[in-house]
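Data first, discussion second: the structure below is written as structure tokens.
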Amino acid sequence: MKWTLIFAFASLLLAGDEPSLFYSRDFPGSTPAYFQLTVQKSGDTDYREAKDDDLPLKFKLSSAEVQAVFDLAEKLDHFKHPLEAPVKVAFMGTKTFGWDVGGQKTEVKFNYSTDPNAQALLDWFERMAESAEHRIDLERAAKYDHLGVFKALMLLGSALERGRLVATDQFLPILDRVAKNENYMHTARARAAEIAEAIRGAQPQQ
């Protein structure tokens, strides 16, 4: 029992030292008006639409996706320098990039940046948010609005085709449930099966 507690405590200490990235967008009037993402080096990711959200949506990025976002953070010197472009543009929401390793934190806020690495990292985070929102919409429809499932699936399929989804494994459980459940319309079941097949077909061979 003693060694179990020691190992558990050691694991918590190591987890605390794990590097993580943070992104938030605060844009009143948009939908959602606020969201934030925290990405661990392990790939574990939390999505929240409120700062005090105690039940975040969780998913796991692939190793390639993790490598891409952490490489971009490194190119941006872990956000130790300003990113705001020295030009006047319309307000598009306050974005925040954050870095945390072992409790040592750095962050930078901006509205618009011309830095190509910042733009690339921004696109990654926006795709994470879009993926989370598609999953929330599909799960909500599957639970409360069976007639709305097909529309949610059409939007999800379109996002997949346009390369706007990340951590695509997260969609497989709900897609498989819809595809196998005769309570949904045949068109919805067929579309769910097609999307699941496309996701599995795009995965690298082990």
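Nothing in this text is a laboratory measurement; each read-out follows from the coordinates by a stated rule. Values in this document were obtained by computation on a predicted structure and should not be read as measured data. Here the Cβ is made from the backbone with ideal geometry for all residues, glycine too, and neighbour counts use every protein chain on show.
Of note:
- Sorted peptide list for 100-107, 148-155, criterion being average Cβ within 10 angstrom, highest first: 148-155, 100-107
- FRET efficiency estimate (nearest 0.05) - Cβ-Cβ, GLU182 to ASP123, R0 30 angstrom: 0.15
- Counting only residues at least eight positions apart within a chain, or on another chain, the aspartates and glutamates with an alpha carbon under 18 Å from that of LYS75 are GLU65, GLU84, ASP100, GLU107, ASP115, ASP123.
- Rg/Rg_ref, segment 15-202, where Rg_ref = 2.2 N^0.38 Å and atoms are Cα: 1.11
- In plain terms, the chain from ASN111 to LYS41 could stretch by 22.6 nm, reckoned as 0.36 nm per residue minus the Cα-Cα distance.
- Placing dummy labels 7 Å off each Cα toward the beta-carbon, the span from ARG140 to GLU74 is 3.9 nm.
- In this simple spin-label model, placing a label point 7 Å from the Cα along the Cα-to-Cβ direction at both ALA64 and SER158 gives a separation of 2.6 nm.
- Helices meeting the span-like rule in the chain (full DSSP H runs, Cα extent of at least 27 Å along the helix axis, mean Kyte-Doolittle score of -1.0 or higher): 116-144.
- For the residue pairs LYS51/LYS151; LYS60/LYS109; LYS41/LYS80; LYS88/LYS109, the C-alpha atoms sit more than 27 angstrom apart in LYS51/LYS151.
- Rounded if a/c under 1.5, otherwise prolate or oblate - segment 40-110, Cα gyration tensor axes: oblate
- Net lengthening on full extension, ALA198/LYS88 (0.36 nm per residue, minus Cα-Cα): 35.4 nm
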